[in-house]
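Trainee: Here it is, the structure in full.
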Amino acid sequence: MIYLHSPGLICALGAGVDTIRERLFALDAPGMVETDAYSRGRTLMLGTVTEALPPLREAPPQHRSRNNALLAAAFAQIDAQYRQLAAGLAPARIAIVLGTSTSGICEGEVAMAHEADGALPADYHYGQQELGSPAQWLANELGIAGPAYCISTACSSSAKALAAGSRLLASGVADLVIAGGVDTLAAFTVAGFTALESVSAVRCNPFSRNRNGINIGEGAALFLMSRTPSPVALAGWGESSDGHHISAPAPDGNGAKLAIAAALQRAGKTALEIGYVNLHGTATRQNDAMESLAVATLLPGVPASSTKPLTGHTLGAAGAIEAALCWITLTDAKHRLPPHLWDGDADPAIPPLPLVAAGDTAEIRCVLSTSFAFGGNNIALILERT
């Protein structure tokens, strides 16, 4: 069995498992703010990290980015666990797999603005933008010699990192894996989703008839994955690809159904054993329609919610952050389920789902979390309380 130890977590809900646990169930996300910081002249609701981040002054120039600072903040929360689990392991037996879609692109934006005035900033290095930078920086910091790489498949990236970490452990390539994801707000990504007419200026409204797009967010989540028992295991995962469209999901939901079915099969679970679904729930017209169809078909009657109104859509980090929120749910002593924040105006054109209301509780053993990305890149994770 592959175990997930207590995660390091930072996002619009705050920093640290204990803080985020209470804010999650109270629908209190102080980092969800209206700002034009990344969309000059147009105010948007974004999921921001407001905590102070490590400065990374000692890092090589190519690794000095806000993205890696977010990663450092998340890792600091699990550093003691890491030292304990890594004790006695050869550096080559430890691996790192991370998901990201932005890396240090924000630093590139700042640099290009300076270049317009004649020169790049002295502290800019092109390597800050490289997608592999987070894994390389963390491996260098920790002296890790095993596989260290990043996956960048848009919004499924960090969920796929957890699946990849499980494969490294199961195949015997590694004895300990640091897996998760990190992404940072940038004007480039905000502009890109705006061009797709997928961004909401107000808090996103998943599965409502009034939904009109996403709130982009930032954050990081890191798990230590090992064969050493812990309260939660990664019981299974399933992956699929629609091959339907570069950005739109297949409307029949078949790709999503394939991923969910594969996760159930790998975990050896039936739909009746899933107690909660953390929905991808972006609040875009097409994603919510497709996802509601898939989940209503394969997991009828299972309580579900989207946590993106509380974190923003953290893109490449979303899968790991939402897995961390599932970890928090499975270990909650009060058996609370993450509530679904929306206007309550259901869309009659899509299959209804039993969306979790504030205060709902249930003693559950297994949860399923979905992530659906551009290109029809789908993944579902199943976490189990041990």
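The values are calculated or read from the model by the stated rules, or taken from the named source; none is laboratory data. Treat the numbers as computed from the prediction; the structure is a model and nothing was measured. So basically every Cβ, Gly included, is an ideal-geometry build from the backbone, and we count neighbours across all protein chains shown.
Trainee: Could you list, in sequence order, all residues of the range 257-308 that are surrounded by fewer than 19 Cβ atoms within 10 Å (Cβ to Cβ), within 23 Å of H245 (Cα to Cα) and of a type in the set (S, T, N, Q)?
Mentor: Residues satisfying the conditions are Q286, T297.
Trainee: Just to be sure I understand the filter: pairs with C-beta atoms under 7 Å, separated by 6 or more residues or on different chains, first member in the range 328-353 and on the phi > 0 side of the Ramachandran plot, second member small (G, A, S) and part of a loop (DSSP other than H, G, I, E, B). Which pairs pass?
Mentor: As it stands, the answer is H335/A362, since those pairs meet every condition given.
Trainee: So, restricting to strands (runs of 3 or more DSSP E) that lie completely within the range 1-71, which ones have at least 3 residues that are under 25 Å from R336 (Cβ atoms) and in contact with a helix residue (DSSP H, G or I) (Cβ under 9 Å, 6 or more places away or on another chain)?
Mentor: It comes to 8-11.
Trainee: OK, next. Which residue is surrounded by the most Cβ atoms within 10 Å (Cβ to Cβ), if the candidates are limited to the range 79-118 and must be small (G, A, S) and touching a Lys or Arg at 6+ places or on another chain (Cβ under 8 Å)?
Mentor: G99
Trainee: What are the residues in the range 45-61 that are of a type in the set (S, T, N, Q) and surrounded by fewer than 18 Cβ atoms within 10 Å (Cβ to Cβ), if any?
Mentor: The answer is T50, and nothing else.
Trainee: I'd like to check which strands (runs of 3 or more DSSP E) are fully inside the range 166-248 and have at least 1 residues that are more than 28 Å from L258 (Cβ to Cβ) and in contact with a Cys (Cβ under 8 Å, 6 or more places away or on another chain).
Mentor: It comes to 219-226.
Trainee: Under the condition of being touching a Ser or Thr at 6+ places or on another chain (Cβ under 7 Å) and surrounded by fewer than 21 Cβ atoms within 10 Å (Cβ to Cβ), which residue from the range 195-216 is modelled with the lowest pLDDT?
Mentor: So the residue we want is L196.
Trainee: Filter the range 34-44 down to the residues that are surrounded by fewer than 17 Cβ atoms within 10 Å (Cβ to Cβ) and on the phi < 0 side of the Ramachandran plot, then identify the one that is modelled with the lowest pLDDT.
Mentor: Top of the filtered list is R40.
Trainee: Then there is this: Given the residues E58, E51, which is the only one that is farther than 19 Å from V232 by Cα and modelled with pLDDT of 95 or more?
Mentor: E51
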